[in-house]
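**Student:** If you scroll down you'll find the structure; I have some questions about it.
The values are calculated or read from the model by the stated rules, or taken from the named source; none is laboratory data. Small disclaimer: the values here were computed from a predicted structure and weren't measured. Reconstructed Cβ throughout: ideal geometry from the backbone, glycine too, with neighbour counts over all protein chains shown.
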Amino acid sequence: MTRLRSALATARSTRARRRDERELQRALAAAPTQESRHEIAAMATRS
């Protein structure tokens, strides 16, 4: 049962990271200027 819980936790964590990455990519694509893209990327690395 511990392995199953560990596998499920890992899968949830992986999905969350992918969701965050997609969110960041959408924000970068929607940024109106190159400077905005740099600001968004900088904020993403801080968190």
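**Student:** If I ask for residues that are in contact with a helix residue (DSSP H, G or I) (Cβ under 8 Å, 6 or more places away or on another chain) and not in a loop (DSSP other than H, G, I, E, B), which ones from the stretch 1-41 would you list?
**Tutor:** Those that are in contact with a helix residue (DSSP H, G or I) (Cβ under 8 Å, 6 or more places away or on another chain) and not in a loop (DSSP other than H, G, I, E, B): Leu24, Ala27, Leu28, Arg37, Ile40, Ala41.
**Student:** Residues to consider are Ala16, Ala44, Ala29, Ala11; find the one that is modelled with pLDDT under 95 and aliphatic (A, V, I, L, M).
**Tutor:** Ala44
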